[in-house]
Structures are given as C-alpha cells and as structure tokens.
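> Okay, here's the structure, questions in a sec.
Throughout, read-outs are computed from the coordinates displayed, never taken from laboratory work. All values reported here derive from a predicted model rather than from experimental measurement. Positions of Cβ are generated from backbone atoms using ideal geometry, with glycine treated the same way; all protein chains shown enter the neighbour counts.
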Protein chains: 2
Amino acid sequence: MPTDIWLSRINWSEDGLIPVIAQEAHSGTILMVAWMNREALKLTVEKGEAVYWSRSRKKLWYKGEESGHTQRVKDIFLDCDEDVLLLIVEQTGGIACHTGRHSCFFRKLEGNHWILTAPVIKDPEKIYNKNE
Amino acid sequence: MPTDIWLSRINWSEDGLIPVIAQEAHSGTILMVAWMNREALKLTVEKGEAVYWSRSRKKLWYKGEESGHTQRVKDIFLDCDEDVLLLIVEQTGGIACHTGRHSCFFRKLEGNHWILTAPVIKDPEKIYNKNE
C-alpha cells in the first residue's frame, strides 16, 4: 500500500500549499502561521521538526536552521475541510517570531489601534548573526 | 482622524481577504480557520461577534446565524507580517464546526492515517434544521 495516501487526503491549494498553524504544546499559545508544500510536510513528519515552505524565498524553510529556534512536533491535526494544518509543537528557545518575540501574534486591537503586547526576548540581529 | 486606519494596516490579500484563526478563550483550543474581508472585520468589531467572509458562498457569513453557534469576540490579534488575524472567542453552544464537533481540527495524524479524535456533539442535521 502506498504510504503517502495521507498526503493526498489534503486539499492542497492551486499552488500546492497548505497554511499551517503552530501552537505551543505546553501553553496553548499560537506561535505563528506558515505554509507547507507536500515535501515540507513529509520532511516534517520524518524529522519530527517543522519544515515549512517559504513563499517569499520559494524554497524549503527548515525552521530554526539559522536561529536555532527549531520546533519539535508532537502532533499534527487536519481540519474538517482538509485545507488547514495544526502543528502542536515545543518551541526551542521560546522564540517563534523573527522579531525575537515568543509569538508572532503580538499586536492587539485596542479601540482603533494595534498595540504591542509582547516584549522582544532577543534582538533579531543577535538571533541571525552566528558570530554574536 | 479617520477611524479605519487600523483596517488599512492589514496586508489584505489580492482578493481583499485575510485568514482568521478562532481560538477559544477559556480552553486555548483552536476552533476553526475562516476568512474576513474589510467589511466582515469591521462588523466583527462593531458587533463583538465573529462575522466572516464565505469564499464558497461569496457573501458575509454571520457565524451562528443559522446554527445559533455565535462566537463572542474577546480580543483580536494581528501577526508580525500583518496578514493573519487571531480572534480570541467564547463559542456559544461549544460547537464551532459544521460537522457538529467542538473544533474543526479533529483529524490527527497517526502513522500514515488521519484518525478522528473528537466526537460529534450534535448531529449537523439537527443544528441546521430549526424545526427539529
């Protein structure tokens, strides 16, 4: 039996992608949303670590390959329409966002303004410069 | 000062939409992912209840208008790239999914199979038939 039937079950977009929510296992915090193609999802399952597809760079994005902030995958869920994935992960370093914050969802609507609600844990320049 | 600057801050897609994650406030459960356009988001804020844009029906979707399963919005977050929204909600009736389940993310990957992990709380035929 082919072992990738589970991959074909997914309603991939016309571009062959699916949006992926990463949720932190121990806290329930939604860390980020990114995209995967078929290869990225397969690699994610094989490695047990999140591998996304970078739409801007048009290549596989091994989460944490530069920053060290990998995501260990504990569970993977698919929604009712089979077109959104939910990854339950533990976030290495506690930083998922490229701004150096815990989560990418740090702007909160207050009245007519988006206000910042979370501190920068580590300066992004230090995250992405191995020589620091 | 125009009061809709906060709406213009969002990186709307070419179709004028943004994906929206609904997370349950008291449990942290991710209930569903849907879409909003500018009008839907404005209405959501005004009403304090989730109003989405149905891509299939191409019209505003007042969540719960048929089922009664409205979502009371407690907070709205925007991500770092300003192209994904996170709604913190309380789910009326405890059912967010059109299949009659609590959450839309009820398929879990086990080996090479998606297995069902959550019970149907209410038969969808009874949810969408007011005469029952």
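> How much net charge surrounds B:E24 when only the other residues with a Cβ under 14 Å from the Cβ of B:E24 are counted, with Lys and Arg +1 and Asp and Glu -1?
Working: positive: B:K63, B:R72, B:K74, B:R101; negative: B:D75, B:E90.
Summing Lys and Arg as +1 and Asp and Glu as -1 gives +2.
> For peptide B:107-116, what's the mean number of Cβ atoms from other chains within 10 Å of each residue's Cβ?
Details: counts 10, 6, 10, 3, 3, 8, 3, 8, 0, 0.
Partner-chain Cβ atoms within 10 Å, mean over residues of B:107-116: 5.
> Considering only the other residues whose Cβ falls under 15 Å of the Cβ of B:V51, what net charge follows from Lys and Arg at +1 and Asp and Glu at -1? Display every interim value, and only then the final one.
Values: positive: B:R38, B:K42, B:K47, B:R55, B:R57, B:K58, B:K59, B:K63, B:R72; negative: B:E39, B:E46, B:E49, B:E65, B:E66.
Net charge around B:V51: +4.
> Roughly how crowded by other chains is peptide B:16-24, in terms of the mean Cβ count from those chains within 10 Å of each of its Cβ atoms?
On the way: counts 0, 0, 0, 4, 0, 8, 0, 6, 1.
Mean inter-chain Cβ contacts per residue within 10 Å come to 2.
> Continuing with this model, one more query. Going through the cross-link list B:K74/B:K122; A:K47/B:K122; A:K108/B:K108; A:K59/A:K122, which pairs have a Cα-Cα distance over 28 Å in this structure?
Numbers: B:K74/B:K122 25 Å; A:K47/B:K122 38 Å; A:K108/B:K108 31 Å; A:K59/A:K122 26 Å.
Checking Cα-Cα distances, A:K47/B:K122; A:K108/B:K108 exceed 28 Å.
> Rounded to the nearest angstrom and ordered from largest down, what semi-axes does the equivalent ellipsoid of the stretch A:5-127 get from its C-alpha gyration tensor (root of 5λ)?
Numbers: eigenvalues 125, 59, 39 Å².
Equivalent ellipsoid semi-axes, largest first: 25, 17, 14 Å.
> Quote the FRET efficiency, to the nearest 0.05, computed for A:I115 versus A:R57 with a Förster distance R0 of 51 Å and r equal to the Cβ-Cβ distance. Spell out each step's value before the answer.
Details: r = 30 Å, r/R0 = 0.60.
Using R0 = 51 Å, I get an efficiency of 0.95.
> Just need log10 I(q)/I(0) for the protein assembly as shown at q = 0.10, 0.16, 0.17 Å⁻¹, Debye formula, equal scatterers on the alpha-carbon atoms, no solvent, rounded to two decimals.
-0.51, -1.33, -1.48
> For the stretch B:76-91 and the stretch B:1-30, write down the distance between their C-alpha centroids in whole Å.
Measuring centre to centre over Cα atoms gives 5 Å.
> Classify the stretch A:41-98 as rounded, prolate or oblate, taking a ≥ b ≥ c as the square roots of the eigenvalues of its Cα gyration tensor: rounded when a/c is under 1.5, otherwise prolate if a/b is larger than b/c and oblate if not.
Details: a/c = 1.78, a/b = 1.28, b/c = 1.39.
Judged from the Cα gyration tensor, the stretch A:41-98 comes out oblate (a/c at least 1.5, b/c at or above a/b).
> Helix A:38-47: angle to the longest alpha-carbon principal axis of chain A, degrees 0 to 90, nearest 10?
Computed tilt is about 80 degrees.
> Evaluate the charge dipole of chain B about its Cα centre and quote only its size in Debye, nearest 20, assuming +1 on the Cβ of each Lys and Arg and -1 on the Cβ of each Asp and Glu. Working shown, then result.
Numbers: 17 positive and 19 negative charges, 78 e Å.
Dipole about the Cα centre, nearest 20: 380 debye.
> In percent, what relative contact order does chain A have, based on Cα pairs under 8 Å that are 6 or more apart in sequence?
Numbers: 232 pairs, mean separation 27.4, N = 132.
It comes to 21 percent, rounded to a whole number.
> What spacing in nm lies between the two simple spin-label points modelled at A:D75 and A:S13, each 7 Å away from Cα in the Cβ direction?
2.6 nm
> Distance in whole Å from the A-onto-B rotation axis to the closest C-beta of chain A, together with the residue it belongs to, please.
So the closest residue, with its distance, comes out as A:G28, 1.
> What's the magnitude of the charge dipole for the protein assembly as shown around its Cα centre, counting Lys and Arg as +1 and Asp and Glu as -1 at the beta-carbon? Answer in Debye, nearest 20. Don't skip to the answer; put the middle values down first.
Working: 34 positive and 38 negative charges, 3 e Å.
In debye, rounded to 20, the protein assembly as shown gives about 20.
> Also, quick follow-up: Which of A:L78, A:L31, A:I121 sits closest to the plus end of the dipole of the stretch A:5-127, meaning its Cα is farthest towards the positive end, when Lys and Arg get +1 and Asp and Glu get -1 on the C-beta?
A:I121
> Let me ask something else about it. Taking 41 Å as R0, compute the FRET efficiency from the Cβ-Cβ separation of B:I5 and B:K122 and round it to 0.05. Show your work: numbers first, answer last.
Details: r = 41 Å, r/R0 = 1.01.
With a Förster radius of 41 Å, E is 0.50.
> I need the P(r) histogram for the stretch A:77-132: all alpha carbon pairs, bin width 10 Å from 0 out to the longest distance, whole percents.
The percentages, shortest bin first, are 20, 32, 31, 15, 1.
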